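**Student:** This is the structure, below, for whatever I ask next.
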Amino acid sequence: MEIDDSVSIQPFTGQKASIATILCATCGAPIDGSTGVAMCYDCIKLNVDISSGIQREATIHFCRGCDRWLQPPNHWVAAALESRELLALCLRRLRGLTKVRIIDASFIWTEPHSKRIKVKITVQQEAFESTILQQSFEVEYVVAYHQCPDCAKSYTANTWRACVQVRQKVPHKRTFLYLEQLILKHNAHRDTVNIREAKDGLDFFYSQRNHATKMVDFLAAVAPVRSQKSSELISTDIHTSTKSYKFTYSIEIVPICKDDLVCIPLKMARTLGNIPPLLLCNRIGNSIHLLDPNTLQVTDITTNVYWRAPFSSLADVSSLVEFIVLDIEPLGATHGKHVLADVTVARASDMASNNNTYLVRTHLGGILHPGDSALGYHITGANLNNEHFAELERNAPDRIPDVILVKKSYPRKKKNKSRAWKLQRMAKDESEMLPRKQDQERAERDYEMFLRDVEEDAELRGTLALYKNTRKNPPSGTRMEGVEKTGDEMDVEETDEDDDEEGLPEIGMDELLDEFDELNVRDHDEV
């Protein structure tokens, strides 16, 4: 049996093997020669530029119409200055960034009007084997203005793809003034290409069909409407069977407005809890809210119920007559803000000629006092042409009162009354035919009546956006004779006539919003 000879093992001393060093070919500093690189790290940074293939200047396109930036080839994105979205857009515009690794990128401040955007970029790349370099450099972008296709369509006629036509067959514009404020508050008009004023309504134009359907859904949520859709074939491709259509949505708002007097059919009155047929329209939402001033009974008529048996208003606010309250006796019954009371009134025009008085029951017992003025419908002295009212006269003439009071009338003897608030208006095009002088006067009168309703009705104010009036010296010649100034006009003169308007409702500053500027919103005096 053979035995291997023992092999002696030398203990580990911990000394490293000697490393061969060479001198740097540029500066002569000793470096590791096993790497195969003839230059030190500092000389490599001075002689090698890893960002040589990256652009130092570039151009980005900006649309001033919609504040969007072009992302090639044809996509437009919205981005604020010095935002992450704009930084990503700028980095995508540079050629050569795919060959390096981006470590950091940030904006360098420039003047907003300089049309220049500067970005500092830090990149990293392996220059030689096991030699990684990191460099920082600046890139300057030139902002070039370019109109996007959507804005180009908005300035070109007949380029829309969908149209929403909103109509209401009433002799005033108060409903559309209220609808306009709701659209502005919820920014429902942001996708419109153009807004045009037409007879009895407004036309909204859109570049896409889905934007029009969103507006139709919004209108159905805030007003009692019915809609119809139609399409028109524009062009067709026989090779690919591709067709192009234009869509039109016809929206009809019920011809009933706030404070209107209505006489509903007797059959409908029985189905609504046997409510009296002669009612006041208390409020308009996505349904019609009616109130019986004799019993404070309320009911809602939905859109489907109304269009199954449509009816028109018996009288509107243009038929209101001023009455003077001589005596009032509350009856104790209440419903929300309404208080039932018996009131003795007389026509203001008859105070000097006769002593005719009327004892009526009203829902305004909480705000009326002897000596106040109230507006109401004088049914006895009115010629009302309505089939449902004629049927009521035949079947139940004792249920028709002589007078129906609608609201309290506040004294407004001071002309050019200043308002500390104002409403925003939409920028819309007028119709092709120029408005007549009487139409302009009627529009100003309707707007003034709407402003008064906003002042007097706190519930109505809660659904609108009111802004602080910051104008100091408004124009004095933009007012129609006999009509007070609109909500965005200020009168700096102080007189002693303030006592004449004592009791007029005022809007607190806590209900007002700060004024802002928007591309498609402007003040009433610029319309």
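The values are calculated or read from the model by the stated rules, or taken from the named source; none is laboratory data. Predicted model, so just to flag it, every value in this text is computed and none were measured. Note that each Cβ is placed from the backbone with ideal geometry, even for glycine, and that neighbours are counted across all protein chains shown. When the accessible area is computed, the model is the full protein with side chains, heavy atoms only, and any ligands, DNA or RNA have been set aside. Shrake-Rupley method; radii C 1.70, N 1.55, O 1.52, S 1.80 Å.
**Student:** Any residue in segment 264-273 that is assigned to a strand (DSSP E or B) and either at positive phi or not charged (D, E, K, R) (or both)?
**Tutor:** no
**Student:** Confirm whether residue 476 is touching a Lys or Arg at 6+ places or on another chain (Cβ under 8 Å), surrounded by fewer than 15 Cβ atoms within 10 Å (Cβ to Cβ) and modelled with pLDDT under 80.
**Tutor:** no
**Student:** Any residue at all in segment 483-498 that's in contact with a Leu (Cβ under 9 Å, 6 or more places away or on another chain), closer than 25 Å to residue 203 by Cβ, at pLDDT 70 or above and open to solvent by less than 50 Å² (accessible area, probe 1.4 Å)?
**Tutor:** no
**Student:** Please specify each residue of segment 171-185 satisfying the condition of being in contact (Cβ under 8 Å) with a residue 40 or more places away in the chain and buried (at least 19 other Cβ atoms within 10 Å of the Cβ).
**Tutor:** Result: 173, 174, 175, 177, 178, 179, 180, 181, 183, 184.
**Student:** Answer yes or no as to whether residue 250 is small (Gly, Ala, Ser) and touching an Asp or Glu at 6+ places or on another chain (Cβ under 7 Å).
**Tutor:** no
**Student:** Sort through 48, 123, 139, 77 and tell me the only one that's in contact with a Leu (Cβ under 8 Å, 6 or more places away or on another chain) and without any contact (Cβ under 8 Å) to a residue 40 or more places away in the chain. I'd like the intermediate steps shown before the answer.
**Tutor:** Values: 48 fails: without any contact (Cβ under 8 Å) to a residue 40 or more places away in the chain; 123 fails: without any contact (Cβ under 8 Å) to a residue 40 or more places away in the chain; 139 fails: without any contact (Cβ under 8 Å) to a residue 40 or more places away in the chain.
Only one candidate passes the filter, namely 77.
**Student:** Among the residues of segment 158-183, what is the count of those that are among the charged types (D, E, K, R), farther than 17 Å from residue 312 by Cα and more than 18 Å from the chain's Cα centre (by Cα)?
**Tutor:** Within segment 158-183, residues that are among the charged types (D, E, K, R), farther than 17 Å from residue 312 by Cα and more than 18 Å from the chain's Cα centre (by Cα) number 1.
**Student:** Same structure, new question: Could you look through segment 276-292, keep only residues that are touching an Asp or Glu at 6+ places or on another chain (Cβ under 6 Å) and in a loop (DSSP other than H, G, I, E, B), and pick out the one that is farthest from residue 457 (Cα to Cα)? Before you say what the answer is, go through the steps one by one.
**Tutor:** Filtering segment 276-292 down to residues touching an Asp or Glu at 6+ places or on another chain (Cβ under 6 Å) leaves 276, 279, 281, 287, 289.
The next check asks that each one be in a loop (DSSP other than H, G, I, E, B); those that pass are 276, 287.
Values: 276: 25, 287: 19 Å.
Per the criteria, the residue is 276.
**Student:** Can you confirm whether segment 392-406 contains a residue that is in contact with a Cys (Cβ under 8 Å, 6 or more places away or on another chain) and at pLDDT below 90?
**Tutor:** yes
**Student:** How many residues, within segment 174-203, are touching a strand residue (DSSP E or B) at 6+ places or on another chain (Cβ under 8 Å) and either outside any helix (DSSP H, G or I) or at positive phi (or both)?
**Tutor:** So the count comes out to 13.
**Student:** What residue, of 296, 340, 290, 320, is open to solvent by 20 Å² or more (accessible area, probe 1.4 Å) and either in the same structural domain as residue 219 (by the TED database) or not basic (Lys, Arg) (or both)?
**Tutor:** Only one candidate qualifies: 320.
**Student:** Return the pair list, or none, for Cβ contacts closer than 6 Å from residues in segment 107-119 that are in contact (Cβ under 8 Å) with a residue 12 or more places away in the chain to residues that are open to solvent by 80 Å² or more (accessible area, probe 1.4 Å), at least 6 apart or on different chains.
**Tutor:** So the pair list comes out as 107/82; 108/120; 118/138.
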